[in-house]
Every structure is written in C-alpha cells, then in structure tokens.
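The values are calculated or read from the model by the stated rules, or taken from the named source; none is laboratory data. Quantities reported herein were computed from a predicted structural model and do not represent experimental measurements. Please note: Cβ atoms are built from the backbone with ideal geometry, for glycine as well, and neighbour counts cover all protein chains shown.
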Amino acid sequence: MEALLYLAPGLIATGCVLGVVQVIRRALRTSKLWAHGQVAEGRCLNTYMKSSGNDAAVRSTLHHVYEYTTREGGRFRFDEVGGDSTVLAGDHVVVRYLPDRPQWATALQPARGRLVLGTGALVAFLGVLVVGCVLFAVTVHSAV
C-alpha cells in the first residue's frame, strides 16, 4: 500500500516531464518552420471541431486539414490545431515546411511572442504539478 503512495505521484510527475519535453519540441519545430521553412501555396481541405469534457464543461478545438505541394512535386496533407477560424474549406493559405521533413508543416502565421507565452505557461503549469508530486512524496515519506 505504501508503494502506491509513491507510484501514483511518480507516474504523474513522469507524465508531466514527458509533456514538457513534447511541448518544447513542438514549439522549437514551429519556430524553425517560421524561420527556415520553405513557402508553398496550400489549400484547406476541411475544418472540424473536436470536443472533449463532460456535461458541466465542454471544450472545443478547431482543426484544419491542409494539403500542399512541395517544390519537388511531393503532395502532403496535415492536420493542424488552432488555426485561423476564418479559414474555411477551399481557401488558399501559405504553408511553411522544411524540405528535409515535408510532413512537418504549418499554416499558422508567425507569432513568436504568442508561441513563447503559450509554451512558457504550459511548461510552468506542468512544472508546478511536478513540484506538487515531489512535495507529496516527501510529505508521505516523512509521515511514514
């Protein structure tokens, strides 16, 4: 039973650390796309909302499905979260992609401040959860 008191916060803290790594990797990739990406004309194929939550609170996220053709002639599709809500199916957009990784693409307009602020807020939140898990484990250990 005691092991469970260490296992649960350990698993939560591990998940939070993995989340931090993922958030930072995504932000670095987006920043690299904005700074060094090739530009191509893309087209929005579809938009859809993905909802999650329960009866008391539902959260909806806007997704776009884009398609573009690289300079080399390869055709790629990608799904992106959080794009401009005024972009509808059939609209043409500017897509940025890396020639060595054309499957990594974005149609988001460069907004470095917003990217840094959002990434920082999420990393701080996950960091607080990790500190809370560590404090919980230390408190349990000192009480036992």
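Can you tell me which residues in region 97-119 are part of a strand (DSSP E or B) and either under 19 Å from L62 (Cβ atoms) or β-branched (V, I, T) (or both)? Selection gives A105, T106.
Let's see how each residue does on (1) within 24 Å of T119 (Cβ to Cβ); (2) assigned to a loop (DSSP other than H, G, I, E, B); (3) among the basic types (K, R):
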position: L7; (1), (2), (3): no, no, no
position: G10; (1), (2), (3): no, no, no
position: Q22; (1), (2), (3): yes, no, no
position: L45; (1), (2), (3): no, no, no
position: H63; (1), (2), (3): yes, no, no
position: E72; (1), (2), (3): no, yes, no
position: V93; (1), (2), (3): yes, no, no
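For region 94-116, the criterion of being under 30 Å from G10 (Cα atoms) and either at pLDDT 90 or above or touching a helix residue (DSSP H, G or I) at 6+ places or on another chain (Cβ under 8 Å) (or both) is satisfied by at least one residue. Restricting region 1-20 to residues that are farther than 14 Å from G132 by Cα and small (G, A, S) leaves a set whose member that is surrounded by the most Cβ atoms within 10 Å (Cβ to Cβ) is G19.
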